[in-house]
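Asks: Can you read through this structure? Questions will come right after.
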Amino acid sequence: MEARAEWFRAPVADKDTVAHLILRLQQTPDFKKLAKATKAYYQEAFPAILEEFGEDDIAAVEDRSMRKDVKTWRNQWRETPRQADKMLSTLVYLLNFAVDEGEITGHVLNKIKRLHKFDRSYIIWEKEDIAAFKSDAPEHLKWVIDIATMTGLRREDLVTIPANADKSSHLEWRTSKSGRRTTILVPIVGELREAIDAIKAHKSKNGIHSTTLLCNSRGKPWTGMGLSASFRKHAAKHGIEKTMHDMRGTAVTHYKMAGLDDNEIADIVGWKKADVEKIIKLYINKEAVLAAIIRKVEKERLQNKNCKPAVNRWKKSKSSDD
């Protein structure tokens, strides 16, 4: 343990080793821009990786036999599945960096099953995930994560939002689903208005005239497969193993913090109310919910205060007639 601590104070490692890879990763602008919690997540796992694989040549991870060695190493935390999965996902994140840098062509750790069992329907993109993804994402991918996490729209709907769908208070457009014409309505609440306006401003400034609100790097509408491929690649770069579908749960928290009630949220995202309540219970504390409700009530109070009551106008009119 002392040896590992000393290495992190004054790192010395051969250039082509895993130890040197850990050092170089932490010196990159991308890593330094990660959210504090995200960096801490990875840095808590680095010492164990250093102890087990630090002196190994980076190229060793291309050998099929390495997969078994990594699983054996991971399994020493089998009694604490979340910890075991953290160790594995951090090692994968480290090796994805090596691939991105062109130091290796690939590695054999992809698709190793995680030990922690969970219900995917209750997984969401949390603030740390979003911050990590957006830290070095191109604008067209930042737009996707903003709109997805604030609307709860499925991928098929995200790629078809027309550029003219913004109706001030909501997004509205017609689409074909299962051979039927359907109208999609999405309320613009919370930070969604700011996100939409930022997209429009960027596109206008850069002469992008896409027919859809979201577009790819060429200013053309996304295809569903193209969006998924680009999204997965960038998420993997940061060791994020959550999917685009998981952002629907994030949207539930967005709507709740904007002051909508559980029934309204369930209607918008097409979930059962019980599922909405589960997400809220897991990811939003009671104080935050109450604060959001207070803000909503205060906003409505101010709006009503600025409106002259109809009864007063009626009385004035009646007095004039007399």
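No value in this document is a laboratory result; all are computed from the given coordinates. Note that the structure is predicted; figures quoted are calculated from it, not measured. Cβ: placed from backbone, ideal geometry, glycine included. Neighbour counts: every protein chain shown.
Asks: Filter K113/K237; K86/K281; K33/K142; K256/K278 down to the pairs with a C-alpha to C-alpha distance above 22 Å, please.
Replies: Numbers: K113/K237 19 Å; K86/K281 24 Å; K33/K142 15 Å; K256/K278 12 Å.
As for pairs spanning more than 22 Å Cα to Cα, those are K86/K281.
Asks: Only Cα pairs within less than 10 Å get springs; with that Gaussian network setup on the chain, which residue of V297, V99, V18 has the largest fluctuation?
Replies: Maximum among the listed residues: V297.
Asks: Could you tell me, in Å, what Rg and Dmax come out for the Cα atoms of the chain?
Replies: 24.8, 98
Asks: Divide by every residue of the chain the summed helix terms, -39500 (n - 2.57) for each DSSP H run of at least 4, and state the resulting mean residue ellipticity at 222 nm, rounded to the nearest 500 deg cm²/dmol.
Replies: Result for the chain: -17500 deg cm²/dmol, rounded to the nearest 500.
Asks: Using a Gaussian network for the chain with springs between C-alpha atoms less than 10 Å apart, which of these wobbles most: I284, I240, I124?
Replies: Per the Cα network of the chain with a 10 Å cutoff, I284 tops the list.
Asks: In whole angstrom, how far apart do the alpha carbon centroids of the range 14-62 and the range 151-171 sit?
Replies: 40
Asks: If you consider only alpha-carbon coordinates, what radius of gyration and Dmax does the range 86-218 have, in Å?
Replies: Reported Rg and Dmax, both Å: 18.4, 50.
Asks: On a 0 to 90° scale, report how tilted helix 224-237 is relative to the longest principal axis of the chain, with both axes built from alpha carbons and the result rounded to the nearest 10.
Replies: 50
Asks: Still on this model: Give a quick list of trypsin sites (Lys or Arg not before Pro) in the range 248-291 that DSSP marks as loop, anything other than H, G, I, E or B, with at most 14 other Cβ atoms within 10 Å.
Replies: K272
Asks: So for the pair N164, E55, with labels modelled 7 Å out along Cα→Cβ, what separation do we get in nm?
Replies: Distance between the two pseudo-spin positions: 6.9 nm.
Asks: T151: net charge of surrounding residues, Cβ under 11 Å, Lys/Arg +1, Asp/Glu -1, itself excluded?
Replies: 0
Asks: Percent relative contact order of the range 208-276, based on C-alpha pairs within less than 8 angstrom and at least six residues apart?
Replies: Computed over the range 208-276, the figure is 15 percent.
Asks: Would you mind calculating the gained length between K113 and D69 on full extension (0.36 nm times residue separation, minus the Cα-Cα distance), in nm to one decimal?
Replies: Numbers: separation 44, 0.36 × 44 = 15.84 nm, distance 1.45 nm.
In short, 14.4 nm is gained.
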